[in-house]
Amino acid sequence: MPSRERTWRSSARSGARWQSLSKNAWAFGEVTDLKNKLTLEKLYLEGEIRSELKFEEIVGKSEALRRVLEQVETVAPTDSTVLIYGETGTARS
């Protein structure tokens, strides 16, 4: 094979490799950016959930009430149905 042809083929392969590496680097950058955006959104949403669970309107400091509020915090972010029961007049709503 003549030297010029070998050089051209080698150069073409190098160009194709470079193009492939360039595309991979761009895709990796895109994935990294999306991952970072998702992380920030997750942190924001977790903060929103926490701000909703401050229980500012609930009066009481007993150990029993603290346990109930911990349980509420556990199930609040889920779509689970929860049954709250208690004596009449205990404001279960």
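The values are calculated or read from the model by the stated rules, or taken from the named source; none is laboratory data. Values in this document were obtained by computation on a predicted structure and should not be read as measured data. Every residue, glycine among them, receives a Cβ derived from its backbone with ideal geometry; neighbour counts consider all protein chains shown.
Some notes on this structure:
- Every pair of residues 6+ apart whose Cβ atoms lie under 6 Å, when the first sits in the stretch 53-78 and is of a type in the set (Phe, Trp, Tyr) while the second is surrounded by 10 or more Cβ atoms within 10 Å (Cβ to Cβ) and modelled with pLDDT under 80: none
- Boolean, Ala64 is of a type in the set (A, V, I, L, M, F, W, C) and at pLDDT 80 or above: yes
- Considering the stretch 20-59, the residues that are of a type in the set (Lys, Arg) and at pLDDT below 75 include one that is nearest to the chain's Cα centre (by Cα), namely Arg50.
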